[in-house]
Amino acid sequence: MKQFIIRVFTPFMTVQLYACIGVIWLLVNAGIILANIVFQNNIAQTLQINSIIFITASSLLLYYLINKKRDEKFSTGIKPVYRLLRALKAYNECHKALIRTNDERQLINEVCRIFVEVGGYRMAWVGLASDDAKRTITPVAGWGDDQDFIEIFKTKCMNKDLDKGPIKTAIKTGKPVVIQDKKRDPACELCQIHFLRHIVCSAVYLPLSNQGKAFAALIIYSAGKFAFDEEEVTLLTNLAADLSYGIAALRLNEENRAAEQQRQLLESVVTQMSPGLFVLDHKGIIQYVNPSAAAIVGLPEVQMLGDAFRATVCRESNEPFCEAFMRAVSNTNLNSVSFKYQRPDGAVLDLELLTWAVCNHNAEEHLRVGMLRDITYEVQLEMQLRRAQRMEAIGILAGGIAHDFNNALASIITCTEMALDSAKDDSNLNELLEIVLGSGQRGKQLVRQILTFSRQTEQEFQEVQLDMIVKECLKLLRSTLTPSIEIRLHIGQELDAVFADPTQMHQIVMNLCTNAVHAMRGRGQGLLELSIANYDPDEDMAAFCITLAPGSKYQRMTVRDNGHGMDAATIERIFDPFFSTKGKMEGTGLGLSVIHGIISKLDGGITVKSVVGQGTQFDVYLPTIANGQTLKKSEVNEEKPATGVERILLVDDDEDLLFSITLMLQKLGYNVTSQNDPVNALELFGISPYSFDLVITDQAMPNLSGIQLAEELAALRPELPIILCTGFDPTSSYGADSSRQIAGFITEVAIKPLERYELAQTVRRVLDVTTLSGAA
């Protein structure tokens with residue numbers, strides 16, 4: 001309406017002005033003519049001059065009016081047709097951008113650029129409205145001849161007095177706002193100054209809406225006043241609506257893309273998760289199963305999908321599993337149960353089932369989910385832990401009774417050695433006493449094995465002649481075999497020694513032999529063959545058994561039987577912990593795994609060959625000592641025990657052991673005072689601390705331990721030599737209070753039972769060292 005008034009009123013004013021000037025000229029001209037008549041001047045000449053003046057004045061007036069009209073057109077913008085043309089060009093390019101662009105920010109920037117560079121507008125920018133109550137405006141894109149305006153708006157004009165400005169009005173009302181003169185814009189004063197400085201006089205504010213709610217505003221600036229007519233604003237409004245739809249579509253696509261990525265991520269998680277996942281409907285029909293579930297139950301996914309769980313997965317052997325599964329999934333609460341499941345290939349697994357219900361958008365139960373987890377390995381570890389705890393308890397018990405065994409053996413060995421000295425001429429008696437002494441020494445080794453089992457002694461690696469271990473094991477084994485089993489032993493020449501723990505070598509031989517005997521039960525005539533020989537592996541053997549090194553020297557022990565043999569599947573698992581082909585009461589499944597561990601620690605190797613129905617052969621390869629020298633058979637020490645005349649205080653609560661050790665030391669020439677009560681021994685020593693040259697004390701005694709007694713004695717006489725005798729490992733919790741106390745109060749530790757030669761040498765060594773220290 002305003003522009004219509006301007007278009008009509010401006011020509012009318014021009015006509016009025018021209019008429020007024022013409023009337024004034026006529027009046028002036030009439031006055032001049034009258035004057036000429038009065039003064040009798042030349043009227044024709046006057047009329048001619050008047051005509052020239054009129055034509056000149058009219059020309060000047062027309063020139064002025066034409067220039068003024070041109071200036072008015074320049075100041076109010078370009079022609080309406082050209083305005084519409086620029087809007088159409090921008091409209092067309094913006095729709096191309098809508099089609100080609102797939103990013104919201106990129107689209108907004110491109111639209112702003114098109115309005116400026118294609119449409120010829122002075123500046124364009126887009127501000128996003130927040131969802132808060134104030135609908136705060138945040139500029140996100142802009143284009144124009146003044147790129148600094150967006151930053152100025154952000155830092156100085158941002159949302160200042162905008163509640164009454166055109167941007168907030170357009171966003172709140174959802175309708176475009178047109179400002180034809182920026183001087184009348186109720187925006188902040190700084191923005192107005194900035195606009196006028198850059199000849200920005202008109203602006204249109206177009207809301208961008210989605211589902212009836214404006215989320216942003218597109219602001220377009222133009223030079224000159226009244227730069228936007230109704231047709232142009234209508235076209236720009238339609239363009240804003242299309243732009244709103246395009247932005248909403250891009251946002252929806254982005255949400256869909258994010259949702260698809262989330263779905264793919266969740267699908268990857270479910271597909272790759274190690275627990276198995278079943279999804280069942282209310283009828284028990286399998287709707288989804290992940291690969292892990294198919295692997296656990298041993299059935300392909302395609303076979304299970306769409307079928308009833310009970311009909312597909314359940315079999316007679318798995319009826320308890322199915323009952324537990326269906327009962328669990330029918331429970332609406334989170335439920336967890338454990339059970340055993342037998343796969344079609346015969347493998348039995350321990351499974352844990354966790355079930356829950358999935359509801360739809362109406363909070364109605366829609367699906368049931370069951371998550372299966374294979375806990376077979378965990379169950380085995382739990383069983384192993386229980387076994388280890390039982391073994392530890394047995395070890396503690398074994399370590400506790402080892403002391404009593406050592407005391408008894410010490411008495412037997414000591415008395416037997418003294419009896420041998422007294423019965424030199426009686427050959428029959430000597431033979432009997434040698435048997436007793438040998439039994440005592442074997443008992444001594446047995447106690448050492450018990451202490452090793454109870455973790456109280458470290459493994460003693462030494463040079464070992466394997467053929468001697470094998471012969472000793474076969475002696476023990478023969479007494480338990482039936483006559484139907486024949487044993488053959490083949491021993492090579494000049495065998496090298498191996499560096500190992502004799503107890504562990506004994507364990508390897510006994511385990512392989514007892515397994516072979518077990519495999520030959522019920523097969524009539526059995527044959528157990530053992531062979532030992534030096535061995536140099538070649539490249540092919542090293543490739544077959546990767547733990548062997550070509551060029552190194554090994555000792556090979558072969559154990560062969562003609563039992564029932566093993567198939568390939570069994571051979572693959574025989575070294576697994578707890579795997580056994582024996583019954584539950586016949587084996588633990590740990591023997592071969594322990595053997596494998598022992599051999600591996602020695603950098604050796606073990607191989608197995610077996611044929612079902614024909615028998616099995618184990619080959620054990622143990623690295624030999626580097627110099628390749630063979631060991632000589634150990635001989636009994638024939639040296640005479642060391643003697644002396646010093647004064648010794650002997651303390652032990654075991655009467656038999658106290659008697660035998662006292663008698664043995666007295667026969668060696670020593671002056672011995674014996675006490676079976678450590679308290680009495682301490683009182684006796686306190687009366688005369690320098691009456692004794694040496695104290696020998698047991699560790700485990702009532703009222704006062706050997707360590708405590710040594711501490712009290714050392715307080716009375718610090719330089720006193722003390723020998724601590726114990727049936728325990730002196731560094732264990734049984735043998736001493738701490739290694740620091742042993743180092744501080746004890747001159748030397750002797751492990752019971754001691755043979756005469758060992759005790760005599762220990763006593764003499766301690767006395768001699770003490771004498772030398774005192775002399776120094």
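The values are calculated or read from the model by the stated rules, or taken from the named source; none is laboratory data. Predicted model, so just to flag it, every value in this text is computed and none were measured. Cβ: placed from backbone, ideal geometry, glycine included. Neighbour counts: every protein chain shown. The accessibility values were calculated without ligands, DNA or RNA, using every heavy atom of the protein model including side chains. Shrake-Rupley method; radii C 1.70, N 1.55, O 1.52, S 1.80 Å.
Between Asp729, Asp698, the distinction of being open to solvent by less than 10 Å² (accessible area, probe 1.4 Å) and at pLDDT 50 or above belongs to Asp698 only.
For the stretch 312-321, the criterion of being in contact (Cβ under 8 Å) with a residue 60 or more places away in the chain and open to solvent by 50 Å² or more (accessible area, probe 1.4 Å) is met by no residue. Criterion first (in contact (Cβ under 8 Å) with a residue 12 or more places away in the chain, over 13 Å from Leu239 (Cβ atoms) and part of a helix (DSSP H, G or I)) does Asn102 satisfy it? No. The numbered conditions (1) surrounded by fewer than 18 Cβ atoms within 10 Å (Cβ to Cβ); (2) aliphatic (A, V, I, L, M); (3) in a helix (DSSP H, G or I) are all true for Ala240 except (1).
Counting just the residues of the stretch 204-237 that are touching a strand residue (DSSP E or B) at 6+ places or on another chain (Cβ under 9 Å) and part of a loop (DSSP other than H, G, I, E, B), which one comes out modelled with the highest pLDDT? Selected residue: Phe228.
Within the stretch 182-193, can one find any residue that is buried (at least 21 other Cβ atoms within 10 Å of the Cβ), polar (S, T, N, Q) and at pLDDT below 85? Taking every residue of the stretch 182-193 in turn, none turns out to be buried (at least 21 other Cβ atoms within 10 Å of the Cβ), polar (S, T, N, Q) and at pLDDT below 85. Can you spot a residue in the stretch 733-750 that is at pLDDT 80 or above and among the polar types (S, T, N, Q)? The answer is yes, given that some residue of the stretch 733-750 is at pLDDT 80 or above and among the polar types (S, T, N, Q). Among the candidates Gln303, Gln342, Gln287, Gln272, the residue that is among the polar types (S, T, N, Q), within 25 Å of Gln380 (Cβ to Cβ) and more than 26 Å from the chain's Cα centre (by Cα) is uniquely Gln342.
The set of residues in the stretch 683-718 being in contact (Cβ under 8 Å) with a residue 40 or more places away in the chain and over 25 Å from Glu758 (Cβ atoms) consists of Ser691, Pro702.
From the list Gly686, Gly628, the lone residue that is exposed (fewer than 14 other Cβ atoms within 10 Å of the Cβ), touching a helix residue (DSSP H, G or I) at 6+ places or on another chain (Cβ under 8 Å) and either under 30 Å from Tyr554 (Cα atoms) or modelled with pLDDT of 90 or more (or both) is Gly686. I'd like to check something: does the stretch 720-732 contain any residue that is under 19 Å from Ile413 (Cβ atoms), part of a loop (DSSP other than H, G, I, E, B), without any contact (Cβ under 8 Å) to a residue 40 or more places away in the chain and under 60 Å from the mean Cα position of the chain (by Cα)? Looking through the stretch 720-732, none of the residues is under 19 Å from Ile413 (Cβ atoms), part of a loop (DSSP other than H, G, I, E, B), without any contact (Cβ under 8 Å) to a residue 40 or more places away in the chain and under 60 Å from the mean Cα position of the chain (by Cα). Scanning the stretch 468-490 for residues that are surrounded by fewer than 18 Cβ atoms within 10 Å (Cβ to Cβ) and farther than 26 Å from His564 by Cα yields Met468, Glu472.
Summed over the stretch 667-679, residues that are open to solvent by 30 Å² or more (accessible area, probe 1.4 Å), over 19 Å from Thr770 (Cα atoms) and free of Cβ contacts under 8 Å to residues at least 60 places away in the same chain total 6.
Highlighted here are the helices (runs of 4 or more DSSP H) found entirely within the stretch 515-605 that include at least 3 residues which are at pLDDT below 75 and under 29 Å from Arg478 (Cα atoms): 591-601. A Cβ distance below 8 Å, combined with a sequence gap of six or more or placement on separate chains, defines the contacts here; from the stretch 254-283, residues that are touching a residue at least 60 places away in the same chain (Cβ under 8 Å) reach residues that are part of a loop (DSSP other than H, G, I, E, B) and surrounded by 13 or more Cβ atoms within 10 Å (Cβ to Cβ) in the pairs Gly276/Asn290; Leu277/Asn290. Inspect the stretch 301-314 for any residue being closer than 30 Å to Ala216 by Cβ and of a type outside the set (Val, Ile, Thr) and give the result as yes or no. Taking every residue of the stretch 301-314 in turn, none turns out to be closer than 30 Å to Ala216 by Cβ and of a type outside the set (Val, Ile, Thr). For the stretch 498-529, the tally of residues that are more than 48 Å from the chain's Cα centre (by Cα) and closer than 13 Å to Val620 by Cβ stands at 0. Note on the stretch 108-143: residues that are assigned to a loop (DSSP other than H, G, I, E, B) and touching a Phe, Trp or Tyr at 6+ places or on another chain (Cβ under 8 Å) amount to 2.
Pairing residues of the stretch 548-565 that are in contact (Cβ under 8 Å) with a residue 24 or more places away in the chain and among the aromatic types (Phe, Trp, Tyr) with residues that are crowded, with 18+ Cβ neighbours inside 10 Å and not in a loop (DSSP other than H, G, I, E, B), at Cβ distances under 9 Å and at least 6 apart in sequence or on separate chains, gives Tyr554/Val498; Tyr554/Tyr535; Tyr554/Gly605; Tyr554/Tyr621; Tyr554/Leu622; Tyr554/Pro623; Tyr554/Thr624. Within the stretch 414-434, is even one residue at pLDDT 75 or above, touching a Pro at 6+ places or on another chain (Cβ under 9 Å), more than 30 Å from Leu665 (Cβ to Cβ) and surrounded by 15 or more Cβ atoms within 10 Å (Cβ to Cβ)? The answer is no, given that none of the residues of the stretch 414-434 is at pLDDT 75 or above, touching a Pro at 6+ places or on another chain (Cβ under 9 Å), more than 30 Å from Leu665 (Cβ to Cβ) and surrounded by 15 or more Cβ atoms within 10 Å (Cβ to Cβ).
One line per residue, one yes/no per condition, for (1) part of a strand (DSSP E or B); (2) under 21 Å from Ile412 (Cα atoms); (3) of a type in the set (Lys, Arg); (4) open to solvent by 20 Å² or more (accessible area, probe 1.4 Å):
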{"residue": "Pro641", "(1), (2), (3), (4)": "no, yes, no, yes"}
{"residue": "Gly644", "(1), (2), (3), (4)": "no, no, no, no"}
{"residue": "Leu657", "(1), (2), (3), (4)": "no, yes, no, no"}
{"residue": "Ser660", "(1), (2), (3), (4)": "no, yes, no, no"}
{"residue": "Leu665", "(1), (2), (3), (4)": "no, yes, no, no"}
{"residue": "Ala681", "(1), (2), (3), (4)": "no, no, no, no"}
{"residue": "Glu712", "(1), (2), (3), (4)": "no, no, no, yes"}
{"residue": "Ala715", "(1), (2), (3), (4)": "no, no, no, yes"}
{"residue": "Pro718", "(1), (2), (3), (4)": "no, no, no, yes"}
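When you check Glu110 against the structure, is it at pLDDT 85 or above and over 15 Å from Ile219 (Cβ atoms), yes or no? Against the criterion (at pLDDT 85 or above and over 15 Å from Ile219 (Cβ atoms)), Glu110 qualifies.
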